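Peer 1: For reference, the structure I am asking about is given below.
Nothing in this text is a laboratory measurement; each read-out follows from the coordinates by a stated rule. Keep in mind the model is a prediction, meaning the values are calculated, not measured. Cβ: placed from backbone, ideal geometry, glycine included. Neighbour counts: every protein chain shown.
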Amino acid sequence: MADIPTLIQLLSAASTIAVILGVPFILLQLRQNARILEVSNRQVEVMIHQTRSQVFLNIAQRLSDREYVLRRKLVRDLVAKFTSTDWEGFVDSSDAFEIRAFAVTYEASATMARIGMIDEGTLQKALGYWVVSDWHAIEPAVRQLERSWGVPAYPNFRWLAESSEAYLQQVKGATG
């Protein structure tokens, strides 16, 4: 029969051997978990990219739709009409609501860019001229709305137009 100190030494040696033999298995499991996380991260990145691409394509499709192109023309005509009448009766008119609905499309796109759902640079490259052109076209109406409301109107649209204009100037400087 073994005495207690010998038994303790044997158990201690067995415990040490078990830990030493278990370390490679733990390392293998950690490596496997790291691979699983890496694959999961890649899948998430692909899904984010696909979602952003889909959102961008939807915006581009909407802005190039024939109806929207005609709406762009209508908005310009409305701004010209109210500019010639010194904006009398504009703020509560159905024409003002038409211009506001037009601005909301860009405001929503710009908001998505500002919070990172859409890449700002991609919007600038694809829609930069439209954003700048349409902002300049409706800016007088926006100023009238801001005077009436007492708060900034369409700040994200303004931000995207300004950043797009800076981008277009940078491109022009690089190529011209």
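Peer 1: Per residue and in Å³, how big is the convex hull formed by the alpha-carbon atoms of the range 88-158?
Peer 2: 75
Peer 1: Another question, then. Taking R0 as 41 Å, what FRET efficiency do you get between residue 115 and residue 84 from their Cβ-Cβ distance, rounded to the nearest 0.05?
Peer 2: Details: r = 38 Å, r/R0 = 0.93.
The formula returns an efficiency of 0.60 here.
Peer 1: With a Förster radius of 45 Å, plug the Cβ-Cβ distance of residue 39 and residue 149 into 1/(1 + (r/R0)^6) and report the FRET value to the nearest 0.05. Spell out each step's value before the answer.
Peer 2: On the way: r = 50 Å, r/R0 = 1.12.
Between residue 39 and residue 149 the formula returns 0.35.
Peer 1: Under a plain spin-label model, where a point goes 7 Å from the Cα along Cα-to-Cβ, how far apart in nm are residue 54 and residue 19?
Peer 2: Spacing of the two 7 Å Cα→Cβ label points: 5.2 nm.
Peer 1: Still on this structure, I have one more. Give the Cα extents of the chain along the principal axes, in whole Å, largest first.
Peer 2: 112, 40, 31
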